[in-house]
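**Student:** Could you have a look at this structure, given as structure tokens, before my questions?
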Amino acid sequence: MKEDFGEPMRPSDISTKNFRGIELRDFAAEIARLALVIAEYQCDVTHRGPLAAKAEFLPLDEMNWITCGNALRLDWLQVCPPEGTSVKLHSDDLFQAPLAQPEIDFENEAGETFICGNPPYKGSTWQDNGQKLDMRDVLRGRCANVGNLDYVAGWFVKAADYGAATCSTAAFVSTNSICQGQAVPDLWPVMYETGAEILFAHTSFKWANLASHNAGVTVAIVGIGPASKKPRKLYIPDGEIDILVREGASITPYLTFGAKVIVEKRSKSLSDLAEMEKGSQPTDGGHLLLSPVEAREAIEKYGVDPDLIRPLYGSEEFIKGIERRCLWIETEQYAKARENIWLESRFSSVARMRRASPKLTTRRLEGESYRFGKIRSRGGAPVTIVPSVSSERREWFPAGQLRAGSVVSNLALAIYDSQLWNLALITSKLHLVWIGTVCGKLKTDFRYSNLLGWNTFPVPALTEQNKADLTRCAEDILLAREAHFPATIADLYDPETMPENLRAAHEANDEVLERIYIGRRFRNDTERLEKLFEMYTKMTATPGASAKPAVKRPRRATA
């Protein structure tokens, strides 16, 4: 390469002091600082020549714009002050683990500030005590359910507060949980109170890095900033590598186009659907629950009346075809049942367990040791079972119909004595998309909530003919499953081996239901969600059209 000994070329207008960073660990902070220095040197080599670059490279500038500390505890206005202000920084003021750095007195010149980052992925369950305190400090007096939020939510609130003071924008690679489920009503009202809006977003996608022991997670990219009239952009994965770019006037917290809709839990159905509730809770120490072998032994060896033993289903039993039984004794049957020595021993074990419980509500159940702690079953009518959790790989949510006399445990949800067309709604693609968005997920699996998923589900007014058509579709789905007995739900709904007749039955159900909504099939899940949120917004805005939310948001605390 020929050296250029003439007039040096113009250096970069972007100084390294334009890059401010916060890093918790001192070694990583020093690496970040050196990365900036090396990047500047490489640019100078390219644009000014090796001699000019070397002349200014050494000795290294003592100034350090990477702050070592806890980003949720530091004042971002001190790390990167508003334009035109002067701030004096010292390691004793800012750093948890100070680097060798002199006192810095600088003035932030006019310009725009952009914040970007990839905050730690810590769900509420996996946060340590220090991280929980961080979240409480950031959201004190602003959110009643801080303990439910993922750790990344703290960065969004800090960025929104900083943006309100500086008119800056921010974007983070984040777990997609902050745009799903209960996190939306917990977090986004706080965000909107700062004046922040979603300017652009990349909807959910799987992402993994090269770190050791790294597990792929589902993430989203969300950009926030002050309100503007510019079009908002959504980047939507379309196949393996393609990305669909769409523009709209406003992006919802659920990463769809539309108004700033926030779905709250509801005690009753928005669409006057059948009541769905949790199954019955044993609270028995396992003494009212039986394996098939134990149930058969109780009948044949100990003379227990078969009518006192019923099939028991939770989510796992229904999906995996696991057989379980339970003792189910009505009040009028108890006196005769306790004459059986084997049953009486079971009742005594339940009583001891409840008596020893630290919970007052459990101790009060000691005198009813023959029955479940909470009973929600409705006699001998057929019951629709809805699993609490289902694999994200399944293309439809696998609810089902149980025969009369079956008991649903508290590990699933149930509709008792419901009309069959309700099953057509639950097992539709429309409903799967809705619950995947508003209920959120457990790890990557669909998590079902009757208050947040079923009671909020927007359904048009159905005619008797609509209900008859949907009933036929539900029957066809059940018959298609039955044709493959004894295959389990887990077997049947594996997307790679799903039987063609079952897939066809679900597609026909989707066809019938979606034509009720818009007169044709929806093109994709994005269009489905936008229609559902549009309907939800209209239905909740109409006075008297729906029940009040089951949970009220607290008023914001005042200083």
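**Student:** Of the residues 312, 255, only one is in contact (Cβ under 8 Å) with a residue 12 or more places away in the chain, crowded, with 17+ Cβ neighbours inside 10 Å, within 30 Å of residue 385 (Cβ to Cβ) and of a type outside the set (Val, Ile, Thr); which?
**Tutor:** The conditions single out 312.
**Student:** On to the next question. Take the residues in region 198-244 that are closer than 17 Å to residue 150 by Cβ, of a type in the set (Gly, Ala, Ser) and surrounded by 14 or more Cβ atoms within 10 Å (Cβ to Cβ); name whichever of them is modelled with the highest pLDDT.
**Tutor:** In this case the residue turns out to be 201.
**Student:** Run down 497, 488 and say which single residue is in the same structural domain as residue 396 (by TED's automatic domain parsing) and free of Cβ contacts under 8 Å to residues at least 12 places away in the same chain.
**Tutor:** 497
**Student:** Got at least one residue in region 333-341 being touching a Ser or Thr at 6+ places or on another chain (Cβ under 8 Å) and either surrounded by fewer than 18 Cβ atoms within 10 Å (Cβ to Cβ) or under 22 Å from residue 417 (Cα atoms) (or both)?
**Tutor:** Scanning region 333-341 turns up no residue that is touching a Ser or Thr at 6+ places or on another chain (Cβ under 8 Å) and either surrounded by fewer than 18 Cβ atoms within 10 Å (Cβ to Cβ) or under 22 Å from residue 417 (Cα atoms) (or both).
**Student:** Let me ask another. So residue 370 clears everything in (1) under 30 Å from residue 435 (Cα atoms); (2) outside any helix (DSSP H, G or I); (3) aromatic (Phe, Trp, Tyr); (4) touching a helix residue (DSSP H, G or I) at 6+ places or on another chain (Cβ under 7 Å) except one condition, right? Which one?
**Tutor:** (1)
**Student:** Going by the structure shown, is residue 177 of a type in the set (Ser, Thr, Tyr) and in a helix (DSSP H, G or I)?
**Tutor:** yes
Results for (1) without any contact (Cβ under 8 Å) to a residue 12 or more places away in the chain; (2) assigned to a strand (DSSP E or B); (3) in the same structural domain as residue 475 (by TED's automatic domain parsing); (4) not hydroxyl-bearing (Ser, Thr, Tyr), shown as yes or no for each residue.
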site	(1), (2), (3), (4)
346	no, no, no, yes
350	no, no, no, yes
385	no, yes, yes, yes
393	no, no, yes, yes
397	no, no, yes, yes
405	no, no, yes, yes
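The values are calculated or read from the model by the stated rules, or taken from the named source; none is laboratory data. Quick caveat: nothing in here was measured; it's all calculated off a predicted structure. FYI the Cβ positions are ideal-geometry reconstructions off the backbone, even for glycines, and counts take in every protein chain you see.
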